[in-house]
Amino acid sequence: MVKKKANKQVKRKKVQKESNIRTDIWTLSMTQEQRQLAILTVAEYRHFLKPLVLIGYWNWGKLSQLTSNERVNTLERLIHKTADNPNPKYHWYFKKAISNHPSQRKFPSYLRRAAIQDALGIVSSFITRCDEWKKGERKHRHDKPPKLTSMCKSYPALYKGQQVKYHSSFAYIELKIWNGTDWVWMENIPVRKHGKSRHTRVGAKLLSPSLIANKRSVHLSMPVEISPQFLPDSDYVCAIDIGINTTATCSIVGKDGTVKARKFINPARDIDRRDQRKQRIATKSKLTRKITNQDLPKGFCQGLYRKSKNLNKHIAQTVSKAIIDFALEHKVSVIVFEDLSNWKAKGGKHRSLQKQRFHQWCKDKLVELTIQKFSELGGKVSKVNAKYTSRYAFDGSGEVRRSNKKYSQARFQNGKQYNADLSASYNIGARYWYAVLTNSKFTGVWEGRSSSHTLRTPVTLSTLWKLSQA
């Protein structure tokens, strides 16, 4: 027992050393003139990047056999003239480029290496996608082969001290930009927002940001390396039932079958806005088919589809944040979902609004965002088998009957009426604790083993009551 506990502690320490990289958006306050210079800097970087992509592709047979650091050094020797490298192979190419873009004559060395790494990544990605296409690994049978995009929409990575400098409080920064004649420092640029301010956390480390400059905004895409601290262990978990009518039904379930708290999360206003757009799409498609007697054209209602998709993302963001806040409020370290990754809708007619609601159900995105956010805080997200969690009552009385007038209302066999989603969330939490207490898998559904002669029933909250009394 002592060795097992020691091994668990060692594993936990190893896991704790693993870090997460999250990206914050640092919004910069710039004048119109400064904004134009930032956009010009990005344009000059892309002009420098274009020949690097082509040269990297021409020499990929040799570069592919080297390590990542050796690739950067080898490609730099092919283009950059120094005292030790007086005759680079492609120096003539850059002579021609300098005549069109004078910024490349004094191009910063660190920015040059960032462009080289960017070009190698573009070429490597193209080669990988091309090999997959040749093997037949395609999304659609008639997909065309990938193309090498030399004039890509990349943004420059900025190395600390060389292209970007931070003031002590991170309220101001300095950037090295191209002003049309020379590379100079743009000083005292106010930072209006720091995103979620992840850089202020204990143990957080700033990595090299990217300068995002376009007509809409200028900001830094700031990656932050975070070493999350584990949340303290608890005798409770936060169990989540994801539904169509109620987006998330949460309950705090203990290992002895005690339910400490419960909550319904349903952003009805956003859901109504999304469904209204779906109704408008259905109405327009019906009228269009009636008038033209043809299939819908490509790009039909593209704007409404885009808005509906963005609303769905917003719903997933809002609900995932509410779930994590509820879990942290009750100091639990584990959030439990039912595994719906392979679930497919059986109800709803083709092209009906009900079918569209199933299609727009953001269950996978909700779980994905919750895992990302909660792991950043040191928590854990588990999934259990979803079979029979809603069909059987949490008190062990057997199968439930749904109301025809109100589907969320369930009647137990003992006559009790209860919320079906709430009962399902109890069973989800119970299934997690049953697997932990009996050292079984989270995919298990039934109590006991198949070799036993007792009548097998699904794991429900009443199962934990029996275990605590034994």
Discussion item. Looking at the range 380-403, can you tell me whether even one residue there is out of contact with any His (no Cβ under 7 Å at 6 or more places or on another chain) and more than 20 Å from residue 241 (Cβ to Cβ)?
Written reply: no
Worksheet entry | Residues satisfying the stated conditions in the range 110-148, i.e. in contact (Cβ under 8 Å) with a residue 40 or more places away in the chain and in a loop (DSSP other than H, G, I, E, B) | 148
Worksheet item: Based on what the data block shows, is residue 323 touching a Phe, Trp or Tyr at 6+ places or on another chain (Cβ under 7 Å), in contact (Cβ under 8 Å) with a residue 60 or more places away in the chain and surrounded by 14 or more Cβ atoms within 10 Å (Cβ to Cβ)?
Response: no
Worksheet item: If you check every pair at least six apart or on different chains, which have Cβ atoms under 6 Å apart with a residue in the range 253-281 that is within 17 Å of residue 423 (Cα to Cα) first and a residue that is open to solvent by 60 Å² or more (accessible area, probe 1.4 Å) and not basic (Lys, Arg) second?
Response: 254/235; 255/235; 256/468; 257/465
Worksheet item: Looking at the range 192-201, which of the residues that are within 14 Å of residue 225 (Cα to Cα) and of a type in the set (Lys, Arg) is most open to solvent (accessible area, probe 1.4 Å)?
Response: 196
Response to the item:
Over the range 262-278, the set of residues closer than 16 Å to residue 320 by Cβ and at pLDDT 90 or above is 263, 264, 265, 266, 267, 270
Worksheet item: For the range 368-470, list the strands (runs of 3 or more DSSP E) that sit wholly inside it and hold at least 1 residues that are crowded, with 20+ Cβ neighbours inside 10 Å and modelled with pLDDT of 90 or more; which are they?
Response: 380-385
Worksheet item: Does the range 183-191 include one or more residues that are open to solvent by 40 Å² or more (accessible area, probe 1.4 Å), out of contact with any Pro (no Cβ under 8 Å at 6 or more places or on another chain), at pLDDT 90 or above and over 27 Å from residue 109 (Cα atoms)?
Response: no
Worksheet item: If you take the residues of the range 284-326 that are within 21 Å of the chain's Cα centre (by Cα) and among the aliphatic types (A, V, I, L, M), which of them is nearest to residue 362 (Cα to Cα)?
Response: 316
Fill in: the range 73-89: number of residues that are more than 37 Å from the chain's Cα centre (by Cα) and open to solvent by 20 Å² or more (accessible area, probe 1.4 Å)
11
Worksheet item: Which of the residues belonging to the range 190-237 are more than 20 Å from residue 380 (Cα to Cα), among the hydroxyl-bearing types (Ser, Thr, Tyr) and outside any loop (DSSP other than H, G, I, E, B)?
Response: 200, 210, 221
Fill in: Selection status of residue 184, under 29 Å from the mean Cα position of the chain (by Cα), assigned to a strand (DSSP E or B) and either farther than 19 Å from residue 221 by Cβ or not aromatic (Phe, Trp, Tyr) (or both)
no
Worksheet entry | Among the candidates 197, 234, residue that is touching a residue at least 12 places away in the same chain (Cβ under 8 Å) and on the phi < 0 side of the Ramachandran plot | 234
Discussion item. For the range 238-279, give me the residue count where each residue is surrounded by 18 or more Cβ atoms within 10 Å (Cβ to Cβ), assigned to a strand (DSSP E or B) and either of a type in the set (A, V, I, L, M) or within 24 Å of the chain's Cα centre (by Cα) (or both).
Written reply: 12
Worksheet item: What number of residues in the range 288-318 are part of a helix (DSSP H, G or I) and without any contact (Cβ under 8 Å) to a residue 60 or more places away in the chain?
Response: 21
Discussion item. Among the residues of the range 343-354, are any under 30 Å from residue 431 (Cβ atoms), open to solvent by 60 Å² or more (accessible area, probe 1.4 Å) and in contact (Cβ under 8 Å) with a residue 24 or more places away in the chain?
Written reply: yes
Fill in: Selection count where residues are part of a strand (DSSP E or B) and either out of contact with any Pro (no Cβ under 7 Å at 6 or more places or on another chain) or among the acidic types (Asp, Glu) (or both), scope the range 149-181
9
Worksheet entry | residue 154, sole failed condition from (1) closer than 25 Å to residue 108 by Cα; (2) open to solvent by 100 Å² or more (accessible area, probe 1.4 Å) | (2)
Practice prompt. Could you tell me whether any residue of the range 92-99 is within 30 Å of the chain's Cα centre (by Cα), open to solvent by 20 Å² or more (accessible area, probe 1.4 Å) and of a type outside the set (S, T, N, Q)?
Written response: no
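The values are calculated or read from the model by the stated rules, or taken from the named source; none is laboratory data. Everything quoted here is computed from the prediction, not taken from an experiment. Positions of Cβ are generated from backbone atoms using ideal geometry, with glycine treated the same way; all protein chains shown enter the neighbour counts. Ligands, DNA and RNA are excluded from the accessible area calculation, which covers all protein heavy atoms including side chains. Shrake-Rupley method; radii C 1.70, N 1.55, O 1.52, S 1.80 Å.
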